[in-house]
Amino acid sequence: MKPLQITLLFTLFLSAFVSYGQDETDEYLEFNDRNNVVHGVYVGINMGLGEIDGENAYIGGLKIAYVANQQFEVGFVGNFLYSEQDIYNNSLSRYEDLIAVYGGLHLEPIFFSKSRVNLSFPLLLGAGAVGYIDDKVKHDDNFEEELDEDDFDEVFVAEPGINALFNISRYLQLEAGIKYRFSSRTELPPTRISRINGFSAGIGIKVGIFNMGRNRYKKNVQ
């Protein structure tokens, strides 16, 4: 995904953030001075499109997190990445694509949490493995690749980003955003790609309960 496409996607979802949030009001009457702690927990699925070394990369992920006061998330995330590199491996006489599996700690501060649309800054800190696979796998559904631990190299990843969060209901939330993936160096043959750094843009869905323990003494002003 080229930098211009990333910029356009970022501009589009920020425009949606501004226009969607203008209709929301957070005015209310508070009948007591008790500060209730609002808890939440959810399971999320996300998918994205990015770029590694000028070639497309496809990402899918699963996330489990706890939400504190609708203002901060902490949890765990796991991602799978596939990139159509078509690198020729001389030793095996075949073209290969890149695959990676990584995951770890998920942290996400949330702003404008009382609005229908929130702005957040997710961060993934973790580790995983990177390897190559015969590119026949994308053309032949019956093709099976035999892999062992020697076909992978460990990698450490830090992935910051920016998201727009759309609160559909108490139990459902949608997200859209962009991220940049920083990784440690890998040394697998063929060695054209030493890092899996790159931008990605994606969407996701979260299902759970985001506001358990709401303050029942607050009432919206009509």
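Go through (1) hydrophobic (A, V, I, L, M, F, W, C); (2) more than 15 Å from the chain's Cα centre (by Cα); (3) modelled with pLDDT of 85 or more one by one and return the number of the condition residue 182 breaks.
For residue 182, the failing item is (2).
Say we look at the range 198-222 and pick out the residues that are touching an Asp or Glu at 6+ places or on another chain (Cβ under 9 Å) and part of a loop (DSSP other than H, G, I, E, B); which of these is modelled with the lowest pLDDT? So that I can check it myself, show each step before the final result.
In the first step, residues of the range 198-222 are kept if they are touching an Asp or Glu at 6+ places or on another chain (Cβ under 9 Å); the result is 198-200, 202-206, 215, 217-221.
Remaining after also requiring part of a loop (DSSP other than H, G, I, E, B): 215, 217, 221.
On the way: 215: 51, 217: 50, 221: 46.
If we take residues in the range 198-222 being touching an Asp or Glu at 6+ places or on another chain (Cβ under 9 Å) and part of a loop (DSSP other than H, G, I, E, B), then 221 is modelled with the lowest pLDDT.
Tell me which of these residue 42 doesn't satisfy, since it passes every other one: (1) under 19 Å from the mean Cα position of the chain (by Cα); (2) assigned to a loop (DSSP other than H, G, I, E, B); (3) among the hydroxyl-bearing types (Ser, Thr, Tyr).
Here residue 42 meets the rest and fails (2).
Can we say residue 95 is in contact with an Asp or Glu (Cβ under 9 Å, 6 or more places away or on another chain), modelled with pLDDT of 90 or more and hydroxyl-bearing (Ser, Thr, Tyr)?
Numbers: in contact with an Asp or Glu (Cβ under 9 Å, 6 or more places away or on another chain): yes; modelled with pLDDT of 90 or more: no; hydroxyl-bearing (Ser, Thr, Tyr): yes.
In short, no.
Looking only at the range 101-116, which residues are modelled with pLDDT of 95 or more and crowded, with 20+ Cβ neighbours inside 10 Å?
102, 106, 108
Closer than 24 Å to residue 197 by Cβ, at pLDDT below 90 and of a type in the set (A, V, I, L, M, F, W, C): which single residue out of 31, 10 fits that description? Quick ask: steps written out before the conclusion?
Details: 31 fails: closer than 24 Å to residue 197 by Cβ.
That would be 10, the only listed residue that is closer than 24 Å to residue 197 by Cβ, at pLDDT below 90 and of a type in the set (A, V, I, L, M, F, W, C).
The values are calculated or read from the model by the stated rules, or taken from the named source; none is laboratory data. Because the structure is predicted, anything quoted here is derived from the model rather than measured. All Cβ positions, glycine included, derive from the backbone under ideal geometry; neighbour counts span all protein chains shown.
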